[in-house]
Amino acid sequence: MSLAEGVLQLVEDARTRQPFARVLSVHLEVGALAGVEPEALRFCFEAVTRGTVADGARLEILAAPGTAACLGCGGTVELQALYGDCPRCGSAQVQVTGGTGLRVSELEVE
Ligand SMILES: [Zn+2]
């Protein structure tokens, strides 16, 4: 639930910068390593936005890849799971660099 509230907070922040009457859709980038269930997030989003400017807004969930720097081969690689091994060289010494959070990439308003 708190993730959905965070998204709503981002929407309200945007509204203080640029006033709008309502939100038509929210494009949300969800990192592959964020541990988010898209369907659960969608359900929570509908619940927390009820009666707000984002009531009825379409939630578009886009998957963002998890990325990591591998200390084994020095490459920048994509990770499917947190604590995954480097898909290139198999090393477990990888440092996650991205794909662990949520980001509103686009807000369609009127
Ligand atoms: Zn590697």
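A short reminder: the numbers here are calculations on the coordinates, not readings from a lab. Everything numeric here is computed off the predicted structure, so don't read it as measured data. In this analysis, Cβ positions are derived from the backbone assuming ideal geometry, glycine residues included, and neighbour counts consider all displayed protein chains.
Per-residue 3J(HN,Hα) values for region 7-24, derived from phi via the Karplus relation 6.51 cos²θ - 1.76 cosθ + 1.60 with θ = phi - 60°, read 5, 4, 4, 4, 5, 5, 4, 4, 6, 6, 7, 9, x, 8, 7, 7, 9, 8 Hz in sequence order (x marks Gly and Pro). Once backbone amide H atoms are built at 1.01 Å from N, residue 99 has 67 as its partners under 5 Å, excluding neighbours fewer than 5 places away on the same chain. Evaluating 6.51 cos²θ - 1.76 cosθ + 1.60 at θ = phi - 60° for every residue in region 67-77, the Karplus couplings come out as 10, 8, 9, 8, 7, x, 10, x, x, 9, 10 Hz, glycine and proline recorded as x. Among the cysteines of the chain, those whose beta-carbon sits 4.7 Å or more from every other cysteine beta-carbon are 44.
Helix 38-49 and the longest principal axis of the C-alpha atoms of the chain enclose an angle of approximately 30°.
The overall shape of region 11-54, judged from the alpha-carbon gyration tensor, is oblate: a/c is not under 1.5, and a/b is no greater than b/c. Sorted ascending by nearby beta carbons within 10 Å, beginning with the fewest, 45, 20 become 20, 45. Can you figure out the FRET efficiency of residue 88 with residue 24, using R₀ = 35 Å and their beta-carbon distance, to the nearest 0.05? Approximately 0.25, to the nearest 0.05.
Please work out the FRET efficiency for the pair residue 105 and residue 47, using the Cβ-Cβ distance as r and a Förster radius of 35 Å; give the result to the nearest 0.05.
Numbers: r = 22 Å, r/R0 = 0.64.
Efficiency at R0 = 35 Å is approximately 0.95.
With the Cα gyration tensor of the chain giving a ≥ b ≥ c as the square roots of its eigenvalues, does the rule (a/c under 1.5 for rounded; else a/b larger than b/c for prolate; else oblate) give rounded, prolate or oblate?
Details: a/c = 3.56, a/b = 2.58, b/c = 1.38.
Cα axes put the chain in the prolate bin.
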